[in-house]
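The values are calculated or read from the model by the stated rules, or taken from the named source; none is laboratory data. These figures come from a predicted structure and were not determined experimentally. Cβ placement follows ideal geometry from the backbone for every residue including glycine, while neighbour counts extend to all protein chains displayed. What goes into the accessible areas is simple: the full protein's heavy atoms, side chains included, and nothing from ligands, DNA or RNA. Shrake-Rupley method; radii C 1.70, N 1.55, O 1.52, S 1.80 Å.
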Amino acid sequence: MKKCLNICCGRLQKKSTADEEWINIDKADVKPSDLSIQFLQLDIQQGLPYETSAIDHIDAIACLGQIIGNDEFLFVMNELWRVLKSSGTIYIVLPHMDFPHAYLDPFNQRHFNELSWQCFDERHSQYINHNSYYGFKPWRGVDVKTNPNGFLEINMTVSK
């Protein structure tokens, strides 16, 4: 069974299936109405309570843009990398900076476009010359697209 995290899920919680065990994590106390849904109240910036390479997949929907400081962003990205297995994947959704809804939520502090995520790929010159020196862990298979609603959809795998 795949072990999956739905970080900063708010009320968009996922229910486990026969193939996937979903653990929903949010800083806010948004307990599910369905008691079969696993929920953990936790600030991800304090670290995730999982062993290294313990998670198969992570969903990070509309949350990474709300991290203000560079050190905090670096920590969260590396923490997500740490808990993912070597074959692990992450699916990120963020508003594209060229669309007005990127500025609708006053908590959105970071603004992204397609190029923002290519620099996490360990094979990209931006990663080699800059991001690796900043301390970001290496990712692979970075696939970024903007959907018709103006949201970036980013799929990445860890490189361990």
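Below are the figures for this structure:
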| read-out | value |
| --- | --- |
| Estimated vicinal HN-Hα couplings, Hz - segment 5-13 in sequence order (Karplus 6.51, -1.76, 1.60; Gly, Pro = x) | 10, 10, 7, 6, 6, x, 8, 8, 7 |
| Asp143 versus Leu74: modelled label distance in nm, points set 7 Å from Cα along the beta carbon direction | 3.1 nm |
| Electrostatic dipole magnitude of the chain [Cβ: Lys, Arg +1; Asp, Glu -1; Cα centre; debye, to 20] | 220 debye |
| Rounded percent of accessible protein surface that carbon and sulfur make up, the chain, 1.4 Å probe | 52 percent |
| DSSP-assigned coil residues among trypsin sites (Lys or Arg not before Pro) in segment 119-155, each with at most 13 further Cβ atoms within 10 Å | Arg123 |
| Reference-scaled alpha-carbon Rg (2.2 N^0.38 Å with N residues) for the chain | 1.02 |
| Whole-number accessible area per residue in Å² for the chain, which is evaluated in the context of all protein chains at 1.4 Å | 53 Å² |
| Relative contact order of segment 24-160, pairs being alpha-carbon contacts under 8 Å that are 6 or more residues apart, as % | 23 percent |
| Beta bridges by DSSP in the chain, antiparallel share as percent, to the nearest 5 | 35 percent |
| Max mean-square fluctuation residue, GNM over the chain, Cα-Cα springs under 10 Å, options Lys137, Lys27, Lys85 | Lys27 |
